[in-house]
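Participant: For reference, the structure I am asking about is given below.
The values are calculated or read from the model by the stated rules, or taken from the named source; none is laboratory data. Computed from a prediction, not measured in an experiment: that's the story for all the values here. Ideal geometry is used to build each Cβ from the backbone, glycine not excepted, and the neighbour counts take in all protein chains shown.
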């Protein structure tokens, strides 16, 4: 395992020569993340994020193996001076934008749909958990890929973790992991452990489609 520290850019090489990944704090919409450390071991990517300002945090990914399932562990320290009641994570592939996309999406990127191959490794059975939040709202079928954690209070000065899967089947790199504390999406949350169970059973996709038709 190799760890490289950097407040602006972190480049990393996994122990396996076949697994190479790069991540960097980028200017494309990044406000909140003031320091980043990255560690890679096999297909596990650990991000040590320090948030020192209120606003979104943007991290760029490139160099992931096509079709490989990665586990992303986000070790986050909230030093913003504001408590968080939710934490949204959204995948943004490169593109020229689509009509009606949310205004927070930086230029040069667009929402991830169900056909571009970029996802939070849906159906892989990888965990989607948080040490702070107990509920999780998921959308992977309605033109966006996001995970919104809520159901807790992430106080200022507090360190916690969020874990999820990541996969790129379609050559979407570089793409952004766009993060927004206290920007909860208006969908009905479910217990954080439930999407993991349902993803393996094929039920969660059915429930999501029912919700989209409502």
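Participant: Do we have residue 161 as closer than 21 Å to residue 78 by Cα, out of contact with any helix residue (DSSP H, G or I) (no Cβ under 6 Å at 6 or more places or on another chain) and touching a residue at least 40 places away in the same chain (Cβ under 8 Å) here?
Facilitator: yes
Participant: Working only within region 30-42, note down all residues that are surrounded by fewer than 20 Cβ atoms within 10 Å (Cβ to Cβ), modelled with pLDDT of 95 or more and either assigned to a loop (DSSP other than H, G, I, E, B) or out of contact with any strand residue (DSSP E or B) (no Cβ under 8 Å at 6 or more places or on another chain) (or both).
Facilitator: Selection gives 31 alone.
Participant: Next question, about the same structure. Kindly provide the set of residues from region 157-212 that are at pLDDT below 50, part of a strand (DSSP E or B) and surrounded by 15 or more Cβ atoms within 10 Å (Cβ to Cβ), ordered by number.
Facilitator: Answer for region 157-212, where residues must be at pLDDT below 50, part of a strand (DSSP E or B) and surrounded by 15 or more Cβ atoms within 10 Å (Cβ to Cβ): just 190.
Participant: On to the next question. Examine region 92-101 for a residue that is in contact (Cβ under 8 Å) with a residue 12 or more places away in the chain, in contact with a helix residue (DSSP H, G or I) (Cβ under 8 Å, 6 or more places away or on another chain), within 20 Å of residue 169 (Cβ to Cβ) and surrounded by 18 or more Cβ atoms within 10 Å (Cβ to Cβ), and state whether such a residue exists.
Facilitator: no
Participant: Continuing with the same structure: Looking only at region 123-142, which residues are surrounded by fewer than 20 Cβ atoms within 10 Å (Cβ to Cβ) and either at pLDDT 95 or above or touching a helix residue (DSSP H, G or I) at 6+ places or on another chain (Cβ under 6 Å) (or both)?
Facilitator: Answer for region 123-142, where residues must be surrounded by fewer than 20 Cβ atoms within 10 Å (Cβ to Cβ) and either at pLDDT 95 or above or touching a helix residue (DSSP H, G or I) at 6+ places or on another chain (Cβ under 6 Å) (or both): 123, 124, 125, 127, 129, 131, 134, 135, 141, 142.
Participant: Filter region 73-91 down to the residues that are within 11 Å of the chain's Cα centre (by Cα) and closer than 18 Å to residue 134 by Cα, then identify the one that is surrounded by the most Cβ atoms within 10 Å (Cβ to Cβ).
Facilitator: In this case the residue turns out to be 87.
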